[in-house]
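Undergrad: Below you will find the structure I want to go over with you.
The values are calculated or read from the model by the stated rules, or taken from the named source; none is laboratory data. This structure is a prediction, so every number in the text was calculated from the model and none was measured. Note: ideal-geometry Cβ built from the backbone for every residue, glycine included; neighbour counts use all protein chains shown. The area values use the complete protein model at the heavy-atom level, side chains included, leaving out ligands, DNA and RNA. Shrake-Rupley method; radii C 1.70, N 1.55, O 1.52, S 1.80 Å.
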Amino acid sequence: MCQLLGMNCNTPTDVRFSFSGFTQRAGNTGDHTDGWGIAFFEEKGLRHFVDHERAIDSPIAKLIREYPIKSNNVIAHIRKATQGVVSLQNCHPFVRELWGHNWVFAHNGDLKNFAPKLHAHFQPIGSTDSELAFCWIMQELWKSHAGIPSIEELTHTLRELAAKIAPHGTFNFLLSNGEALWAHATTHLCYIERQHPFAQAQLCDEDLSVDFSRETTPQDKVAIIVTSPLTHNETWTPIRSGELKVFKQGQGLDI
């Protein structure tokens with residue numbers, strides 16, 4: 001299975017610490033070696049990087065680990081292919097436009113016998129079940145709402161759509177439109193919400209630590225969502241199977 005990483009925060013923040021540990025799973029501490037990708041929202045703009053090389057070897061991934069791109073919403077993915085060849089077009093996260101906003105999606109799992117009817121506007125470019133599911137979700141969101149809905153309305157609709165796809169297999173995903181980040185779990189997905197007073201964190205996959213109290217302000221709030229915990233000295237909360245959780249401004253919302 002693939003690995004997911006998401007970040008949602010109330011002030012633009014760089015993801016270098018988490019991304020550094022995450023990419024170790026692409027050959028060092030894990031075998032997720034079939035490509036990788038990451039997307040950073042900056043207001044309505046988007047920086048999107050994908051590579052079919054291993055994330056631990058990719059010069060592009062090295063750039064991301066060293067360059068402090070700051071964003072309120074980030075989605076990253078390292079791939080272990082179950083459907084679709086190893087290629088750029090099959091690397092997550094995938095991007096589509098809806099209601100004048102970029103939408104970003106990454107999936108961990110394997111969907112069987114999932115063959116929805118798609119209309120002209122949303123079509124997959126690659127050959128993965130993941131991109132097919134994303135196109136169907138975008139299509140159904142467009143059909144369900146005449147205009148841009150609220151975060152609450154989107155959450156209710158996404159919860160209904162996820163429940164229709166999940167019976168086809170494992171459907172862990174991250175989705176963002178730059179305003180919020182949604183996380184759905186079938187098997188493994190967990191999160192942590194960091195806020196004042198910040199403390200030191202130590203990566204599980206790499207001998208690297210950071211004292212967040214030196215890097216933040218008392219007002220900062222940062223939520224990290226990942227397939228399995230990135231640090232061993234913090235408490236991570238699992239997302240229940242079948243649960244869709246939404247994060248905004250660095251914290252989970254009760255919707």
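Undergrad: What about residue 97, is it open to solvent by 40 Å² or more (accessible area, probe 1.4 Å) and either within 16 Å of residue 184 (Cβ to Cβ) or of a type in the set (D, E, K, R) (or both)?
TA: Yes, satisfied.
Undergrad: How many residues does the stretch 194-216 contain that are among the basic types (Lys, Arg) and either in contact (Cβ under 8 Å) with a residue 12 or more places away in the chain or under 18 Å from residue 72 (Cβ atoms) (or both)?
TA: 1
Undergrad: A follow-up question, please. What residue, of 189, 154, 181, 174, is surrounded by 20 or more Cβ atoms within 10 Å (Cβ to Cβ), under 25 Å from residue 11 (Cα atoms) and touching a Lys or Arg at 6+ places or on another chain (Cβ under 8 Å)?
TA: So the residue among 189, 154, 181, 174 that is surrounded by 20 or more Cβ atoms within 10 Å (Cβ to Cβ), under 25 Å from residue 11 (Cα atoms) and touching a Lys or Arg at 6+ places or on another chain (Cβ under 8 Å) is 181.
Undergrad: If you don't mind, there's one more thing I want to ask. Give just the number: which of (1) in contact (Cβ under 8 Å) with a residue 60 or more places away in the chain; (2) open to solvent by 10 Å² or more (accessible area, probe 1.4 Å); (3) more than 19 Å from residue 107 (Cα to Cα) does residue 25 not satisfy?
TA: With respect to (1) in contact (Cβ under 8 Å) with a residue 60 or more places away in the chain; (2) open to solvent by 10 Å² or more (accessible area, probe 1.4 Å); (3) more than 19 Å from residue 107 (Cα to Cα), residue 25 is out only on (3).
Condition check ((1) free of Cβ contacts under 8 Å to residues at least 40 places away in the same chain; (2) buried (at least 18 other Cβ atoms within 10 Å of the Cβ); (3) of a type in the set (Phe, Trp, Tyr)) across all residues:
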{"site": "90", "(1), (2), (3)": "no, yes, no"}
{"site": "101", "(1), (2), (3)": "no, no, no"}
{"site": "114", "(1), (2), (3)": "no, no, yes"}
{"site": "120", "(1), (2), (3)": "yes, no, no"}
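Listed here are the residues, each with its yes/no results for (1) over 14 Å from the mean Cα position of the chain (by Cα); (2) at pLDDT below 95.
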residue: 165; (1), (2): yes, no
residue: 175; (1), (2): no, no
residue: 194; (1), (2): yes, yes
residue: 197; (1), (2): yes, yes
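Undergrad: Among the residues of the stretch 34-63 satisfying the criterion of being touching a Gly at 6+ places or on another chain (Cβ under 8 Å) and within 23 Å of residue 97 (Cβ to Cβ), which is surrounded by the fewest Cβ atoms within 10 Å (Cβ to Cβ)?
TA: Filtering the stretch 34-63 for residues that are touching a Gly at 6+ places or on another chain (Cβ under 8 Å) and within 23 Å of residue 97 (Cβ to Cβ), the one surrounded by the fewest Cβ atoms within 10 Å (Cβ to Cβ) comes out as 43.
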